[in-house]
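Report on one structure; see the data block that follows.
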Amino acid sequence: MSQPKTDIIRIFDTTLRDGEQSPGASLNHNEKLEIAHALDKLGVDIIEAGFPITSQGDFEAVRAIAHEVTRPTVAGLARTVEKDVARAGAALDGAPNTRIHVFCATSKIHREHKLRKAFDEIIRISVEQVTHARTFTDDVEFSPEDGSRTELDQLVEITQAVIEAGATTINIPDTVGYATPAEYGRIFSYVREKLPIIDEQGIILSSHCHDDLGLAVANSLSAAENGARQIECTVNGIGERAGNASLEEIAMAVRTRADFYPFTTHINTRRIYPVSRMVSQLTGLYVQRNKAIVGRNAFAHESGIHQDGVIKHRETYEIMDPQDVGIPSNELVLGKHSGRHALRERIVELGYTVNDEQLQRIYEDFKTLADKKKSVYDEDVEALIESELKSIPGGDLWQLASMTFHGGVGAEASATVTLVDATGTSSTQTCVGDGPVDAIYAAMQQITGVQVTLKSYNLRAVSKGRDAQGEVNVEVEHRGRVLSGRGISTDVVDASARAYLNGINRIKSLLDRKGEDAFDPAHP
Ligand code: KIV
Ligand code: ZN
């Protein structure tokens, strides 16, 4: 069978929809817009900006992104429910490049136990809502949810029905991350073989893989080898459970093995690393050290034999050039005598774009940091940039104004904390605890009134040396939903306080945007 005409694989980024469904992640409006702009520069073809029916916040985010980020197509998700499609249509109304993505589960297990609907009924509502979606836009995607576990002939039947109703992209998801590469690839070749209309009408087949067995990227590439021309993925592979296929791994596999894969993407790979850092920072989801492409160890060589090989000839142990994914070439150390110009150069080299006001604030923070520590490394500069990019006015509901604490080993600790809320009102509380961090956390709970349980606490040094900045990552739980928080400071107690407050602010912001529904597992 001939391959589809184009050899471009469209990258459909769902960091802001499936990615935001990751346990622990939650983004506010401005953070979503910031990521959408970064995805635009990265070169993605489609941005799935949210699921408008789920909340006013998601609706506003899809609306703002579709109107502001006009090069890529912006998609809104909808179930096969009239009000979902209407809400997605309203969010996208008036924007230049829009898509409605309609989905309905089709596998036997989902039909019988989740939807409790017969297959004929599923076809009927799918056709009905694809037709409805076409009244808002010519670009309609349909996903048979749990497609990889759907009987092949039924998958073909529903695919044909929704194409006839106007769907222009058919996405076959491996919703539960169960498929194997050969099996998943065969689904695409089978559907294409049975439905010549796909190639005749230029219908795009798409993959959407979850990583429960660690096969999401391999499955996506197998789909592409079998005719898929859109891959759905997320930055850093974030997403439900074990996550989605990782954008950076797909883009770099296709690029690095251009000798093998007969297709390419529009991704500007040099933007990968900065976008990865931004998504990690804003979602609070940490990138594991050994993560392919963007992990801290991805280009680190520990063994002497490897180091020797790389020094003699880089390609002995490196299949990719770190600069091709946007990792700066040399580690230039800045210090307190470095000027604004040197800092700006470094920021640009690290792949970030900041305006003059942001540069000025980063420079002031840099001077404060350089007074405290002798050498300011790339990781320190990145931490400063990310804190600035994250400090969106009004985004931090409570800010830490001051903090004092007392105590010693074996003695009860006490802490006095002052927080300022978004209206500028300050509140102070003194509490005792098992140690200073515990006492500070108790005071913060009392001031904010947000009840959270600390689920995890991790501390690491951002860079080298005794004077390195400490980064604390926490996970805090409110009514069963876990969100993360991050804080950075040269003082680890200060970093601990900031991480906890960041977690509380995320919960409060979610409560303000979505209400208690956000913490209700039954809500879509
Ligand atoms: O995993 C899945 O099936 C989805 C669909 C909504 C495409 O995310
Ligand atoms: Zn998914």
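The values are calculated or read from the model by the stated rules, or taken from the named source; none is laboratory data. Every value quoted in this text rests on a predicted model; they were computed, and no experiment measured them. Cβ sites come from the backbone with ideal geometry, for glycine too, and all protein chains shown count toward neighbours. The protein model used for the area step is the full one, side chains on, heavy atoms only, and it has no ligands, DNA or RNA in it. Shrake-Rupley method; radii C 1.70, N 1.55, O 1.52, S 1.80 Å.
Would you please give the residues with an amide H less than 5 Å from that of ARG99, counting only those at least 5 places away or on a separate chain, with H modeled from the backbone geometry?
VAL74, ALA75, GLY76
Within segment 251-328, list the GluC sites (Glu not before Pro) lying in a DSSP loop whose Cβ has at most 13 other Cβ atoms in a 10 Å radius.
GLU302
Whole-Å semi-axes of segment 392-517's equivalent ellipsoid, largest first, each the root of 5 times a Cα gyration tensor eigenvalue?
Calculated on Cα positions only, the semi-axes equal 23, 17, 15 Å.
Could you work out what % of the accessible surface of segment 1-75 is carbon and sulfur, using a 1.4 angstrom probe and leaving DNA, RNA and ligands out of the count?
Roughly 51 percent of what the probe reaches on segment 1-75 is carbon or sulfur.
Given ILE198, ILE170, LEU247, which one lies farthest toward the positive end of the charge dipole of the chain, if we put +1 on the Cβ of every Lys and Arg and -1 on the Cβ of every Asp and Glu?
Checked the options; the winner is LEU247.
Could you provide, to the nearest whole Å², the per residue accessible area of the chain with probe 1.4 Å?
Roughly 42 Å² per residue, with all protein chains present.
Pairs of alpha-carbon atoms within less than 8 angstrom and 6+ residues apart define the contacts here; what relative contact order does the chain have, in percent? Let's see the in-between values first.
Numbers: 1052 pairs, mean separation 61.2, N = 524.
Relative CO of the chain lands at 12 percent.
Report in % the part of the accessible area of segment 340-389 that belongs to carbon and sulfur, leaving out ligands and nucleic acids; probe 1.4 Å.
Of the solvent-accessible surface of segment 340-389, carbon and sulfur hold 45 percent.
Run the dipole for segment 398-519 about the Cα centre, Lys and Arg Cβ at +1, Asp and Glu Cβ at -1, nothing else charged, and hand back the magnitude in debye, nearest 20.
400 debye
Can you compute the charge dipole magnitude of the chain about its Cα centre, using +1 on each Lys and Arg Cβ and -1 on each Asp and Glu Cβ, nothing else charged? Give it in debye, rounded to the nearest 20.
My answer is approximately 540 debye.
Using a 1.4 Å probe on the protein heavy atoms, what percent of the accessible area of segment 398-519 belongs to carbon and sulfur?
So the carbon and sulfur contribution to the accessible surface is 48 percent.
What are the ³J(HN,Hα) values, in whole Hz, obtained from phi via the Karplus relation 6.51 cos²θ - 1.76 cosθ + 1.60 with θ = phi - 60°, for each residue of segment 251-266 in sequence order, with x given for Gly and Pro?
Couplings: 4, 6, 5, 5, 6, 5, 10, 4, 5, 9, 8, x, 8, 9, 10, 8 Hz.
If the chain between HIS67 and ILE311 were fully stretched, how many nm would it gain, using 0.36 nm times the residue separation less the Cα-Cα distance?
Length gained, HIS67 through ILE311: 83.0 nm.
For LYS83, give me every one of the lysines with a C-alpha distance below 27 angstrom, ignoring sequence neighbours fewer than eight places off in its own chain.
Result set, ordered by chain and number: LYS32, LYS108, LYS114, LYS117, LYS514.
Run down the lysines and flag those whose C-alpha is under 22 Å from the C-alpha of LYS372, throwing out any fewer than 8 positions away in its chain.
Cα-Cα hits under 22 Å: LYS336, LYS464.
So which GluC sites (Glu not before Pro) in segment 185-280 end up in coil per DSSP with only 14 or fewer other C-beta atoms within 10 Å?
On the way: sites: GLU193, GLU200, GLU225, GLU232, GLU240, GLU248, GLU249; in loops: GLU240.
Answer by residue number: there is no such site.
May I ask you to list the trypsin sites (Lys or Arg not before Pro) in segment 322-390 that are in a DSSP loop and have at most 15 other Cβ atoms within 10 Å of their Cβ?
LYS336, LYS374
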